[in-house]
1. Checking the cross-link filter: which aspartates and glutamates have an alpha carbon closer than 13 Å to that of Lys184, excluding same-chain neighbours under 8 positions apart?
2. Between Thr206 and Gln180, what is the label-to-label distance in nm when each label sits 7 Å out along the Cα-to-Cβ direction?
3. Which aspartates and glutamates, on any chain, are close to Lys204 with Cα under 18 Å apart, when same-chain ones fewer than 8 places away are left out?
4. Evaluate the charge dipole of region 36-119 about its Cα centre and quote only its size in Debye, nearest 20, assuming +1 on the Cβ of each Lys and Arg and -1 on the Cβ of each Asp and Glu.
5. Taking all protein chains in place and a 1.4 Å probe, what share, in percent, of the accessible surface of region 34-93 do carbon and sulfur account for?
6. Roughly speaking, to the nearest percent, how much of region 94-168's 1.4 Å accessible area is carbon and sulfur?
7. Which value at 222 nm does the chain reach when only helices count, each DSSP H run of 4 or more adding -39,500 (n - 2.57), with the total divided by all residues and rounded to the nearest 500 deg cm²/dmol?
8. Each residue of region 200-206 in order: what ³J(HN,Hα) in whole Hz does its phi give by Karplus 6.51 cos²θ - 1.76 cosθ + 1.60, θ = phi - 60°, with x for Gly and Pro?
Amino acid sequence: MLNAIKLGTLEIVSFVVVAISVSAIAAATPAHAEPVQIKPGLLRLNGNLEMPKGKTIGDNEVLLIVHGMLSHYGQETIAALQKNLVARARSSLAVNLSLGIDDRKGPRACDATHDYAIAGAEREAASWVDWLYGQRARAVDILGFSRGGAQVAAMGPALPTVRRVVLVAPSFAISSEIAQAYEKTYGHPLAPALTEARKDPLKKLTIDFLNCKQAIVLGATFLDSYAELPPRLAARTGHPTLVVIAGKDEVVTNLESKLPSDVRKVTIEGSSHYFPDLFGEDAADAIVKFLTREPPVTK
């Protein structure tokens, strides 16, 4: 359903698979789900693979999905997207970034020390891409939602074997916007906290951080988490890229006007940031249309 959409412009590494278990979806759903776990390094990483019934990874192009800030693959927007994609005969693997936690399954806990960076997320995404190709996926695309969308845009050039990139309501922000949002959330300025973190990046601070009140955070993690992820990244992923915009996004405001003019984008009119109900179906339609486009002719 595209009734609410406004269109805009336009190796393999072997890993130890620790465990793969299969659980059945309700009989009426033409799909099956497989919780998947890999261990490319010290930490076990979890994902949820959704495929049309009777299909294997080798039968499919697979969309790798990255969640938003401190979230997980079971978050409502991600779970609904996977169901909407499989209803359109598309396979997807939604993953949990470890964020420094071994075998992380739910939302990232605020009370565990925050010691991670986007470089680690990039390595984990690359591990999942390699795992999918190791399972003989025909092609791997990658999608990021909210903060995950901005991060996927940043890591795109380091994922050369990815085919296409989709950024769903990506939370791009420049330094002034980041500072304003922090002060609005916590009632005090960001600058002193950044100064303190720069003094000793290896020191642990007790500080307001992302959506965690008075968390224990490594200085380097604090600096990394409040670094700019500007809209221009959408044009620099190194891959054909689609930005899906929520028409009434209350989290990422005025996104369309901030994006580079040469970025392909689609607006889901009337949708909030989380694409509820039929807005999620419209978003899935737009994503599937983009992923099934013929590749551009290169000269």
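The values are calculated or read from the model by the stated rules, or taken from the named source; none is laboratory data. The model shown is predicted, which means the values in this text are computed figures rather than measured ones. Cβ sites come from the backbone with ideal geometry, for glycine too, and all protein chains shown count toward neighbours. Keep in mind that these areas ignore ligands, DNA and RNA; they rest on the heavy atoms of the full protein, side chains included. Shrake-Rupley method; radii C 1.70, N 1.55, O 1.52, S 1.80 Å.
1. Leaving aside aspartates and glutamates fewer than 8 places away in the same chain, those within reach of Lys184 are Asp208.
2. Here the answer is 3.3 nm between the modelled labels.
3. Asp111, Asp115, Glu196, Asp224
4. 280 debye
5. Summing carbon and sulfur atoms, their accessible area is 53 percent of the total for region 34-93.
6. Looking at region 94-168 in its full context, I get 50 percent from C and S.
7. Calculated mean residue ellipticity at 222 nm is -8500 deg cm²/dmol.
8. 8, x, 8, 8, 8, 10, 9
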